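Only the coordinates and a few stated rules stand behind these numbers; no lab work does. Owing to the predicted nature of the structure, the values given are computational and were not obtained by experimental measurement. No Cβ is skipped: glycine too gets one built from the backbone with ideal geometry, and neighbour counts run over all protein chains shown.
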Amino acid sequence: MLPTTIKIGAVPFAVNTDDHEQSNWGHIDYTTQTIKIASRLAPHSAAQTLMHEIIHGIEVHFEGNSGEHDESKIQRLGNAILLVLIDNPDLCRMIETLRPV
Ligand SMILES: [Zn+2]
């Protein structure tokens with residue numbers, strides 16, 4: 001199940017599925033603060049796509065929007081981070097304790 005919101009820096013993005021998206025798997029919109037994921041994707045593909053869009057958001061939020069996007073690098077980095085999180089549940093639990101209450 002997709003999260004309903006992803007916060008990147010100070011910006012909360014609403015995460016929605018998109019039934020009409022045929023060509024792209026996902027999209028991040030900085031003006032409406034939304035991340036759309038194609039509803040036809042299986043769970044693992046949806047997670048990879050969400051991580052891909054998060055990496056785009058991190059790139060723009062923390063590095064500025066230069067208009068240059070290395071899609072291949074973003075895809076590889078997103079897939080790698082997702083695999084590390086999947087393969088290390090203790091890491092995820094440790095990160096969970098870092099969240100302010
Ligand atoms: Zn992309």
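Listing for the model above:
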| quantity | calculated |
| --- | --- |
| Listed peptides 49-55, 35-41, 23-29 by packing density, highest first (mean Cβ within 10 Å) | 49-55, 35-41, 23-29 |
| DSSP bridge orientation in the chain - percent antiparallel, rounded to nearest 5 | 60 percent |
| Only Lys, Arg (+1) and Asp, Glu (-1) charged, at Cβ; the chain dipole about Cα centre in debye | 280 debye |
| Relative exposure of Val101, Val60, Val11, judged by other C-beta atoms within 10 Å (fewest first) | Val101, Val11, Val60 |
| Burial ordering of Leu77, Leu98, fewest other beta-carbon atoms within 10 Å first | Leu98, Leu77 |
| Amide H partners (placed H, <5 Å) of Thr17, local residues excluded | Ile37 |
| Stokes-Einstein D in µm²/s, Kirkwood radius over Cα pairs - the chain at 25 °C with 0.890 mPa s viscosity | 170 µm²/s |
